[in-house]
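Undergrad: One structure follows; several queries about it will come next.
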Amino acid sequence: MVTVKRIVANIAAPSTGEPTEFYRRLFDLDIVMDHGWIVTLASDETARVQLSVATEGGSGTPVPDLSIEVDDADAVYENAKGLGYDIVYPLTDEPWGVRRFFLKDPAGKLLNVLSHRS
């Protein structure tokens, strides 16, 4: 039996600068590796390894490229609006218990930013 230790999302982009700043500014991530051609960002949080396979994104939305769980979706939503980022699905309370919104990153990836409602 093999143990999966982590799964890393890789985002193809013409340069690392703008996407790196996007994720640093919006999600307060730290640069943990920078080789020029690849920059890895991280937080101090730990989570179970997860991989989702979907036919839709829920509520009739497209399947997002990444889902990012945060402790306060409202705060990230307000920050994203203030920074002028491309929000493509408004902040919504979904029937399966999450509060979320979708936005596009500078590389065109569709992000599902969510918090679980208590």
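The values are calculated or read from the model by the stated rules, or taken from the named source; none is laboratory data. Here the structure is a predicted model, which is why all the values come from computation and not from measurement. When we count neighbours, we look across all protein chains shown, and the Cβ atoms used for this are built from the backbone with ideal geometry, even at glycine. The accessibility values were calculated without ligands, DNA or RNA, using every heavy atom of the protein model including side chains. Shrake-Rupley method; radii C 1.70, N 1.55, O 1.52, S 1.80 Å.
Undergrad: Just flag the trypsin sites (Lys or Arg not before Pro) in region 46-118 sitting in loop per DSSP whose Cβ has no more than 10 other Cβ atoms within 10 Å.
TA: Values: sites: Arg48, Lys81, Arg99, Arg100, Lys104, Lys109, Arg117; in loops: Arg48, Lys109, Arg117.
Counting only loop positions with at most 10 other Cβ atoms within 10 Å, the trypsin sites (Lys or Arg not before Pro) in region 46-118 are Arg48.
Undergrad: Which GluC sites (Glu not before Pro) in region 1-87 pass both tests, a DSSP loop state and at most 13 other beta-carbon atoms within 10 Å? Write down the numbers at each step before the final one.
TA: Values: sites: Glu21, Glu45, Glu56, Glu69, Glu78; in loops: Glu45, Glu56.
The qualifying sites are Glu45, Glu56.
Undergrad: Let me ask something else about it. So, with +1 on the Cβ of K and R and -1 on the Cβ of D and E, and no other charges, what is the size of the charge dipole of the chain about its Cα centre, to the nearest 20 debye?
TA: Dipole about the Cα centre, nearest 20: 320 debye.
Undergrad: Need the list of lysines near Lys81 for cross-linking: C-alpha distance under 16 angstrom, and skip anything on the same chain fewer than eight residues off.
TA: Lys104
Undergrad: Working from the alpha-carbon coordinates of the chain, get Rg over Rh, Rh being the Kirkwood radius.
TA: Ratio of gyration radius to Kirkwood radius: 0.95.
Undergrad: Helix-only estimate, please: 222 nm mean residue ellipticity of the chain, summing -39500 (n - 2.57) across DSSP H runs of length 4 or more and dividing by its residues, to the nearest 500.
TA: Rounded to the nearest 500, it is -5500 deg cm²/dmol.
Undergrad: Of the accessible area of the chain, with the probe set at 1.4 angstrom, what percent is carbon plus sulfur?
TA: C and S fraction of accessible area: 49 percent.
Undergrad: Give the accessible surface of the chain per residue, rounded to a whole number of Å², with probe radius 1.4 Å and ligands, DNA and RNA excluded. Present the calculation step by step, with values, prior to reporting the outcome.
TA: Values: 8250 Å² over 118 residues.
Per-residue value: 70 Å².
Undergrad: Region 64-117: which chymotrypsin sites (Phe, Trp or Tyr not before Pro) are DSSP loop and have at most 11 other beta-carbon atoms within 10 angstrom?
TA: Sparse-neighbourhood loop chymotrypsin sites (Phe, Trp or Tyr not before Pro): Trp96.
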